[in-house]
Amino acid sequence: MRNFYKITTIVLAVILLLVAIFPFAITTIPRKNAIGITMNWYVQRGGQLPVIETPHFTDISDCTPEQILSIEQAFELGFTAGTGNTTFSPNARTWDWQWMIFVGKMFAATQP
């Protein structure tokens with residue numbers, strides 16, 4: 001298991017280095033998709049999902065129910081803070097370095 005964490009750390013470091021060297025050659029995806037993928041990985045790594053009683057973001061009503069739940073859970077877990085007090089900007093592009101922050105927080109939350 002330790003090798004997995006070492007390899008994961010090396011892969012993330014290489015990705016961050018590539019982003020720093022080639023910032024315009026990296027593709028982007030919508031924030032709602034980046035959070036959805038991150039939350040799927042969180043569950044696969046054994047993370048416990050919080051129950052959302054009161055939605056926080058007001059600009060995600062156009063998202064699917066699954067995306068809304070993932071976004072709200074990611075906020076509750078501290079993986080994202082949104083783009084404003086009550087906004088998430090689900091269709092805004094997520095640069096790879098931003099996504100790596102989401103993923104890094106997810107890995108930190110699921111380490112044994």
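The values are calculated or read from the model by the stated rules, or taken from the named source; none is laboratory data. The shown structure was predicted, so the numbers you read here are calculated from the model rather than taken from an experiment. Neighbour counts are summed over all protein chains in view; Cβ atoms, including those assigned to glycine, are modelled from backbone coordinates with ideal geometry.
Things to note:
- Listed conditions (1) hydrophobic (A, V, I, L, M, F, W, C); (2) under 26 Å from Ala13 (Cβ atoms); (3) crowded, with 19+ Cβ neighbours inside 10 Å are all met by Ile101, apart from (3).
- Of the listed requirements (1) within 11 Å of the chain's Cα centre (by Cα); (2) outside any helix (DSSP H, G or I), Phe107 misses just one: (2).
- Contact map, the stretch 51-67: residues that are of a type in the set (Phe, Trp, Tyr) paired with residues that are outside any helix (DSSP H, G or I), Cβ distance under 8 Å, separation 6+ or inter-chain. Pairs shown: Phe57/Gly82; Phe57/Thr86; Phe57/Thr87; Phe57/Phe88.
- The residues on offer are Thr58, Thr38, Thr27, and the sole one that is part of a loop (DSSP other than H, G, I, E, B), on the phi < 0 side of the Ramachandran plot and modelled with pLDDT of 90 or more is Thr58.
- Entry remark, the stretch 61-97: residues being crowded, with 16+ Cβ neighbours inside 10 Å and assigned to a helix (DSSP H, G or I) number 11 in total.
- Scanning the stretch 41-55 for residues that are surrounded by fewer than 16 Cβ atoms within 10 Å (Cβ to Cβ) and not in a loop (DSSP other than H, G, I, E, B) yields Trp41, Val43, Gln44.
- Taken over the stretch 52-90, the residue count meeting the criterion of being closer than 21 Å to Val103 by Cα and polar (S, T, N, Q) is 7.
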